[in-house]
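One structure is given below, encoded as structure tokens.
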Amino acid sequence: YAAAASEVARAAPSEALSRLSSELCARYVDEAGAATEEELRLTVATLLRELLRGASDAMATVRSDWLPLAFVGRHEPRWEAETVNVSATEAKQPGKLATVWREAYDEAGGSAGVAALHLPELLGLTARVIDGTSWSLRRAAAAALAELLAAAPTALTSSDAHKSELRRQASLLRERKMWEKETLVAALDAAIEKCIGPDPTAAAAPAVAAEPASGDW
């Protein structure tokens with residue numbers, strides 16, 4: 001079906017491809033947490049990869065509809081089922097989902113520079129993901145933002161609006177209790193501070209008055 005869709009997509013009008021890409025991306029994000037989440041998301045990623053392979057020119061005209069998700073999807077963590085009975089080395093390798101997204105993104109000529117051309121759409125997606133219920137998608141969004149800050153810092157720091165949105169999203173990630181043992185948010189915070197500087201609106205920690213010496217041990 002994916003191969004057939006890519007054949008049809010070559011002659012499809014841009015409006016139809018844009019609608020299809022948007023609907024697929026919306027299902028990928030909105031149905032996170034469903035019983036069939038893994039199967040559905042792998043199907044969406046595979047279909048978009050085949051569309052990019054078979055109808056590359058046509059899909060390039062609607063790049064803003066699918067590229068943000070492909071950029072974020074490359075950082076999807078391995079599924080729990082993929083971590084069972086595997087070596088420590090294998091566990092560090094990309095899982096099925098991230099692998100499909102990486103193939104799609106790389107074969108479509110994706111890069112940090114290309115992603116930077118679609119910052120409004122990319123930041124819109126990460127904001128939607130971070131406000132969602134999927135831990136794996138939030139993790140992928142944090143990693144994607146950190147990658148973009150490292151690879152194309154100028155694009156993100158050239159606008160006060162982008163700076164403010166980055167800080168807002170990083171703050172939302174920190175509020176999630178499940179991030180207590182994660183290092184991604186700390187890495188994102190460090191990248192933001194390096195590229196943008198400390199947040200001027202952050203409240204300073206209250207000074208703790210020194211307790212006077214009592215003379216007691």
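The values are calculated or read from the model by the stated rules, or taken from the named source; none is laboratory data. Since the structure is predicted, the reported quantities are computational estimates derived from the model, not experimental observations. Please note: Cβ atoms are built from the backbone with ideal geometry, for glycine as well, and neighbour counts cover all protein chains shown. When the accessible area is computed, the model is the full protein with side chains, heavy atoms only, and any ligands, DNA or RNA have been set aside. Shrake-Rupley method; radii C 1.70, N 1.55, O 1.52, S 1.80 Å.
Observations
- Options Ala70, Ala104, Ala115; residue that is surrounded by fewer than 24 Cβ atoms within 10 Å (Cβ to Cβ) and either in contact with a Pro (Cβ under 7 Å, 6 or more places away or on another chain) or part of a helix (DSSP H, G or I) (or both): Ala115
- Applying the condition of being of a type in the set (A, V, I, L, M, F, W, C) and at pLDDT 80 or above to the stretch 153-191 and asking which residue is surrounded by the most Cβ atoms within 10 Å (Cβ to Cβ) yields Leu166.
- Test: residue in the stretch 151-164 that is touching a residue at least 12 places away in the same chain (Cβ under 8 Å) and among the charged types (D, E, K, R): yes
- Scan of the stretch 26-47 for residues that are modelled with pLDDT under 90, part of a helix (DSSP H, G or I) and farther than 15 Å from Trp101 by Cβ, ordered by number: Asp30, Glu37, Glu39
- Scoring Glu211 on the criteria (1) assigned to a helix (DSSP H, G or I); (2) modelled with pLDDT under 75; (3) open to solvent by 60 Å² or more (accessible area, probe 1.4 Å) leaves a single failure, condition (1).
- Here the stretch 127-152 is the region considered, the condition is being open to solvent by 20 Å² or more (accessible area, probe 1.4 Å) and in a loop (DSSP other than H, G, I, E, B), and the residue that is nearest to Leu172 (Cα to Cα) is Asp131.
- Matching residues in the stretch 73-101 - criterion: being of a type in the set (D, E, K, R) and either over 16 Å from Ala140 (Cβ atoms) or surrounded by fewer than 12 Cβ atoms within 10 Å (Cβ to Cβ) (or both): Glu80, Glu90, Lys92
- Residue match in the stretch 48-65 (condition: modelled with pLDDT under 90, among the aliphatic types (A, V, I, L, M) and either open to solvent by 20 Å² or more (accessible area, probe 1.4 Å) or at negative phi (or both)): no
- Answer from Val100, Val84 - the residue that is of a type in the set (Val, Ile, Thr) and touching a residue at least 40 places away in the same chain (Cβ under 8 Å): Val100
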